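A short write-up of the structure that comes next.
Just so it is clear, none of the values below were taken in a lab; they were calculated from the coordinates. All figures in this text were calculated on a predicted structure; none of them were measured in a lab. Glycine also receives a Cβ, built like all others from the backbone with ideal geometry; neighbour counts cover every protein chain displayed.
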Amino acid sequence: MRIEVKRDLCIGAGACLAVAPDVYVLDDEMKAVVTNPKGADDNAILESAKACPTLAIYIYDDDGKQVFPIVG
Ligand code: SF4
């Protein structure tokens, strides 16, 4: 899985860190950054993306297909 945080959408709410604290940190602009994409299992990473109030976290599978947010 690949995790991408859309910085323009992140409001620093911290929900992703609450769900997957070993994956993300907030940087000095209060934007989430991925420090350890292996810091949680796939399910927890998906849950962290779902927890984001602004849907700032995009998840891609190993083939590069977007799996969250769900498209079409
Ligand atoms: S939950 Fe969303 S808005 Fe909050 S810090 Fe994480 S990416 Fe940013």
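General observations
- Inter-residue pairs, beta-carbon under 7 Å, first touching a residue at least 12 places away in the same chain (Cβ under 8 Å) and more than 8 Å from the ligand (Cβ to nearest atom) and in the range 1-24, second assigned to a loop (DSSP other than H, G, I, E, B) and basic (Lys, Arg), 6+ apart: 7/31
Listed here are the residues, each with its yes/no results for (1) of a type in the set (A, V, I, L, M); (2) in contact with a strand residue (DSSP E or B) (Cβ under 6 Å, 6 or more places away or on another chain).
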residue: 7; (1), (2): no, no
residue: 13; (1), (2): yes, no
residue: 17; (1), (2): yes, yes
residue: 28; (1), (2): no, no
residue: 34; (1), (2): yes, yes
residue: 47; (1), (2): no, no
residue: 65; (1), (2): no, no
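- Candidate set: the range 2-14, residues that are among the aliphatic types (A, V, I, L, M) and surrounded by fewer than 16 Cβ atoms within 10 Å (Cβ to Cβ); chosen: the one farthest from residue 59 (Cα to Cα): 11
- Within the range 49-65, restricting attention to residues that are under 13 Å from residue 2 (Cα atoms) and either aromatic (Phe, Trp, Tyr) or surrounded by 14 or more Cβ atoms within 10 Å (Cβ to Cβ) (or both), the residue that is farthest from the ligand (Cβ to nearest atom) is 60.
- Taking the range 20-43 as the range and being surrounded by 15 or more Cβ atoms within 10 Å (Cβ to Cβ), over 10 Å from the mean Cα position of the chain (by Cα) and closer than 23 Å to residue 70 by Cβ as the test, only 40 passes.
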